[in-house]
Amino acid sequence: MLDLNNLEKKLDKALALETKESLTNWLKEKRLKKYLSSFGEGELCQISSEQPVKVKLSASFNFEIKVNSFNPTYNPKLAA
Amino acid sequence: MCVIKKLKYYICNLIRTLFHTQESRVQKLTEPIPCTRDDAWLGEGKYFWYDLFDAEQWGNSSKRATGFFEIYESEVDCEDVLDTVFNEEHYNFWLKQLEKVAMKIIKKTNEKPTLKELNDYFKERGTWNEVCGIIFQDLPTNNKHLLVKPIEYKNKKFTFAYRKRVQMVIYDDKIIRTFAFLTKEKCINLN
């Protein structure tokens, strides 16, 4: 049986440690992942451009990806 | 309530029969397929319907790729599941935690989180690893099958969606006791 008090304690502890930066980074990372997944299955690779790629996710949430410093592997599972 | 009745009530509420809908494939499934869609309410997990009717509706509306859909039946141990539909304590707890995290995120980032993001926060930052699944609900989007007449008010019709559409997302396979093919059906147009 779930111990709700323990769950709440763990959550409160995590929230107490959050800063503007930590939460913003966490949320940005989530949304960037979501944005990248919209391209479908595949892999991102470097291109020779020095121009950063700007990604606008909402009015106040923007990403700027510098292509030459960004080389993630992306391989989402097939959506069920 | 006598002990046997209490025990029966306890067992009946812990083991639930639920339904998993997928497109019909060449080979029958041996386990449910995780949903990784970004619009999945409560994040990545294995989704089940509480009601067979909703499992069929889902097949007809969203699992049409091969023209047929399949429904699988499972017995699921709900002991370590957050039941926000039938358990009042769990619902109040979940709502409180959800709004607490949402307020914090809004305050710190000026962004409203999605339900999925909030749920991801519970799991990733709150380390709610012991929560094996969540039972949740919305209301049916198709009013055609409701058995009540719409209310007319100021020349507008309002349908009261009295029936809950209950789902469970499972994060930990260990609570899936059985998984068996139930039926294959041809997709029909619901409209």
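The values are calculated or read from the model by the stated rules, or taken from the named source; none is laboratory data. Predicted model, so just to flag it, every value in this text is computed and none were measured. Note that each Cβ is placed from the backbone with ideal geometry, even for glycine, and that neighbours are counted across all protein chains shown. When the accessible area is computed, the model is the full protein with side chains, heavy atoms only, and any ligands, DNA or RNA have been set aside. Shrake-Rupley method; radii C 1.70, N 1.55, O 1.52, S 1.80 Å.
Just for the Cα atoms in region B:91-166, what are the lengths along the principal axes, largest first, rounded to whole Å?
47, 31, 19
Would you please give the FRET efficiency between B:ILE106 and B:THR17, computed as 1/(1 + (r/R0)^6) with r the Cβ-Cβ distance and R0 = 51 Å, to the nearest 0.05?
0.85
Roughly how far apart, in whole Å, are the Cα centres of region B:113-150 and region B:29-98?
The distance from the Cα centre of region B:113-150 to that of region B:29-98 comes to 9 Å.
Give the ranking of A:MET1, B:MET103, B:MET168 by solvent-accessible surface, highest area first, calculated with a 1.4 Å probe. Walk me through the intermediate numbers first.
Numbers: A:MET1 150, B:MET103 130, B:MET168 0 Å².
Ranked from most to least accessible, the order is A:MET1, B:MET103, B:MET168.
Which three lengths, in whole Å and largest first, does region B:54-138 cover when its Cα atoms are put on their principal axes?
Each principal axis gives a Cα extent; for region B:54-138 these are 47, 31, 21 Å.
Rounded to the nearest 10 Å², what accessible area does B:ARG165 show when all protein chains are kept and the probe is 1.4 Å?
40 Å²
Please give the average number of partner chain Cβ atoms lying within 10 Å of the Cβ of each residue in B:124-132, rounded to a whole number.
Per residue, the average neighbour count from other chains is 5.
Within the P(r) computed for chain B, what percentage of the Cα pairs occupies the region above 28 Å?
Percent of Cα pairs beyond 28 Å in chain B: 36.
Between B:ALA180 and B:ILE4, what is the FRET efficiency for a Förster distance of 30 Å, r being their Cβ-Cβ separation, to the nearest 0.05?
The formula returns an efficiency of 0.55 here.
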